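These notes are about the structure you will find just below.
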Amino acid sequence: MRKRISCLLISLLFLCCTLFAACGESVTGQELTSGDYLYTIQDDGTAMIKKYTGQAVCVTIPSELEGVAVTAIGPSAFQSNTNVTDVIIPEGIVSLGDSVFKRCSSLESVEIPASLTEVGVNPFAGCEVLYDLIIDPDNKNLKMVDGVLYSQNDYRLVYYSRMNEKGKYEVKNGTRIIGAEAFYECTNITRLKIRKKSDEEGAVALTAIGRRAFYGCENLAQINLEDTEISTIGSDAFFGCVKLDNVTFPDEVTSIAERAFSRCESLKELNMPETITSIGEQAFRDCSSLVSVKLPQGVTTIGKNTFAGCSDLEEIILQDGLTYIGGGAFMGDRSLKKVVLPESVDYIGSEAFSECTGLEEILIPDGCGYIGPSAFNKCMSLTSLTLPSELYTINPSTFSGCSGLTEITLPEELEEIGERAFFCCTALTEIVIPDPVEYIGDYAFSLCVKLDSIELPEDLEVIGPNTFDEAQLSILPDLSDLIEE
């Protein structure tokens, strides 16, 4: 009997332990609520605040929630809170996640304990009136130097105060990283100086600029990166720096990420070192003062919209080895007059040169096998063009609106002409369609008001019902059997 009771007790104890473990597993990672805080239990059994939902002006972060120690404040926990003005972070919290207080427009003061050593992407980006960041003197990692927050663990400049006096700033010697969003929308910075790397043993140089590091710094006019060891310029790093007129790159840089210099409206010239092999999409979009660009030899791809909206761009020098020109790469660059594509180019994306209204001449290599839809849409100054022999399809709207086009030579092996391919080419007077063409899309030559001569292939199989609308063709064979309704 005693043995049976003992076995029963052991079984009950095992069951309780199992249930307890299961409950623990179910709580870990789940979103819980305590007062004005949403939080989760982390793997180490401590709590991380995910969201503050209150409306208080002065907030003291709790050190415990429902008896569980709080050690972390998660990403964006207070983001865009317009009420809070003062925050006290208690001892015991070790980590601030990315953008914790981003755009807290009324935040004036934050107290940081000695225990807090881990800081993510600038927790205070967009805090317009934050004038007092008080760090416990016993904190071994975080230091405030002249209104600038540094993380000593990773040699990172974390945060530059928007309350600093307007003018230039010299980055602290030994800084390795300008962190993501470090100068986010800091309109008070006009010039950045980075000290040359010291020859002293153990000295470090700047090696990275994070994403959005100088995003929206409208008054930043000059930055010299020549004495750095930066290999990558992060995405959106200088996005919207509308007064930036000159950038000097270091020889070590190999890549410029997407939108890195987008909307730098005063940037006039680019002197990119030959070490660069990658330029991201929209990297220089809407750099409306940019006049001349020479791409480094190692660049094989121009991404989507990379130079779109560079309305003053007159010259683009592309080197052999370039194979791919992405969609909208030069869209709207109305000052471009002549473009010579290297022999290596085999792909031109959709809208690549669309609305380049000043483009008079473009030389396309014979080996280019793809030209995307609307690639030369509204290139009104383009007068003549010879298409590459490897091109088998003219995509929809490729030359739509090329009102100055008088002469075009189609490749002998062409098989298909897409819808609106030559729509509104009002100066085109004649065209010879090669024999292999079996399909001509609807409106392909519509509104070609001067077109009075065309030679169609005998084996043409399909033609759109409005293909020659408003064309002044004097002789056109009966195509009723081929019209695609």
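The values are calculated or read from the model by the stated rules, or taken from the named source; none is laboratory data. Fair warning: this is a prediction, and the values are worked out from it, not measured in the lab. When we count neighbours, we look across all protein chains shown, and the Cβ atoms used for this are built from the backbone with ideal geometry, even at glycine.
Tabulated data
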{"quantity": "Qualifying positions in segment 289-324 - surrounded by fewer than 16 Cβ atoms within 10 Å (Cβ to Cβ) and not in a loop (DSSP other than H, G, I, E, B)", "calculated": "SER292, LYS294, GLU315, ILE317"}
{"quantity": "Selected residue (criterion: farthest from the chain's Cα centre (by Cα)) from residues of segment 261-280 that are more than 20 Å from ILE230 (Cβ to Cβ) and touching a residue at least 24 places away in the same chain (Cβ under 8 Å)", "calculated": "SER266"}
{"quantity": "Given (1) surrounded by 16 or more Cβ atoms within 10 Å (Cβ to Cβ); (2) touching a strand residue (DSSP E or B) at 6+ places or on another chain (Cβ under 6 Å); (3) of a type outside the set (A, V, I, L, M), number of the condition ASP132 does not satisfy", "calculated": "(1)"}
{"quantity": "Filter result (of a type in the set (Ser, Thr, Tyr) and more than 24 Å from the chain's Cα centre (by Cα)) within segment 342-384", "calculated": "SER344, THR357, TYR370, SER381, THR383, SER384"}
{"quantity": "Hits in segment 242-289 (condition: charged (D, E, K, R), modelled with pLDDT of 95 or more and touching a Leu at 6+ places or on another chain (Cβ under 7 Å))", "calculated": "LYS243"}
{"quantity": "Condition met for THR300 (modelled with pLDDT of 95 or more and within 27 Å of ILE233 (Cα to Cα))", "calculated": "yes"}
{"quantity": "Options SER115, SER63, SER109, SER80: the member that is within 34 Å of the chain's Cα centre (by Cα), modelled with pLDDT of 95 or more and surrounded by 15 or more Cβ atoms within 10 Å (Cβ to Cβ)", "calculated": "SER109"}
{"quantity": "In segment 343-373, the residues that are among the small types (Gly, Ala, Ser), under 20 Å from GLU415 (Cβ atoms) and crowded, with 18+ Cβ neighbours inside 10 Å", "calculated": "SER350, GLY372"}
{"quantity": "GLU274 surrounded by fewer than 18 Cβ atoms within 10 Å (Cβ to Cβ), of a type outside the set (Gly, Ala, Ser) and closer than 22 Å to LYS168 by Cα", "calculated": "no"}
{"quantity": "Tally of residues being among the charged types (D, E, K, R) and outside any loop (DSSP other than H, G, I, E, B) across segment 325-343", "calculated": "1"}
{"quantity": "Condition broken by MET380, with the remaining ones in (1) in contact with a Pro (Cβ under 7 Å, 6 or more places away or on another chain); (2) within 28 Å of CYS264 (Cβ to Cβ) satisfied", "calculated": "(1)"}
{"quantity": "Qualifying strands (runs of 3 or more DSSP E) (wholly inside segment 34-131; at least 3 residues being touching a Lys or Arg at 6+ places or on another chain (Cβ under 8 Å))", "calculated": "37-41"}
